[in-house]
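Since the structure comes first, as structure tokens, the remarks are kept for the end.
The values are calculated or read from the model by the stated rules, or taken from the named source; none is laboratory data. The shown structure was predicted, so the numbers you read here are calculated from the model rather than taken from an experiment. Virtual Cβ from ideal backbone geometry, glycine too; neighbours counted across all protein chains shown. For accessibility, only protein heavy atoms count, side chains too; no ligands or nucleic acids. Shrake-Rupley method; radii C 1.70, N 1.55, O 1.52, S 1.80 Å.
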Amino acid sequence: PFNPFVKFDFSLPSISEVNVSVYDIHGNHTETLLNGVKTAGYYNVTWNADSHPTGIYFIQFRSGYVIKTMKVILIK
């Protein structure tokens, strides 16, 4: 659970196209947090969900062949 900020870290072994997006419980795209090319290294992304209602959301990370999804619960 978080209110209203959630932060997560990731690392890239080489230069990659990266997309980090947020979806609501119904699978609707809510927000794009990051979309672009990143060099190798360590990064963090913070989502400010202050303008979104309480509920369950999914943050999806895509880079190359890697897709990871994290479930988060926004409680206000």
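Observations on the model:
- If you go through region 5-32 and keep only what is of a type outside the set (D, E, K, R), closer than 19 Å to Asn44 by Cβ and in contact with a Phe, Trp or Tyr (Cβ under 9 Å, 6 or more places away or on another chain), you end up with Phe5, Val6, Phe8, Phe10, Ser11, Leu12, Val18, Asn19, Val20, Ser21, Val22.
- Residues of region 45-56 satisfying the condition of being surrounded by fewer than 16 Cβ atoms within 10 Å (Cβ to Cβ) and part of a strand (DSSP E or B): Val45, Thr46, Asn48, Gly55, Ile56
- Among residues of region 1-44, those that are more than 13 Å from Arg62 (Cα to Cα), open to solvent by less than 40 Å² (accessible area, probe 1.4 Å) and in a strand (DSSP E or B), counted: 5
- Of all residues in region 38-70, those satisfying the criterion of being polar (S, T, N, Q) and within 14 Å of Ile25 (Cα to Cα) are Thr54, Gln60, Thr69.
- Of all residues in region 55-67 being within 14 Å of the chain's Cα centre (by Cα) and free of Cβ contacts under 8 Å to residues at least 40 places away in the same chain, the one that is farthest from Ser14 (Cα to Cα): Ile56
- Matching residues in region 1-54 - criterion: being under 17 Å from Ile73 (Cα atoms), of a type in the set (Asp, Glu) and touching a residue at least 40 places away in the same chain (Cβ under 8 Å): Asp50
- Checking each residue in region 57-68 for being assigned to a strand (DSSP E or B) and surrounded by fewer than 11 Cβ atoms within 10 Å (Cβ to Cβ) picks out only Ile67.
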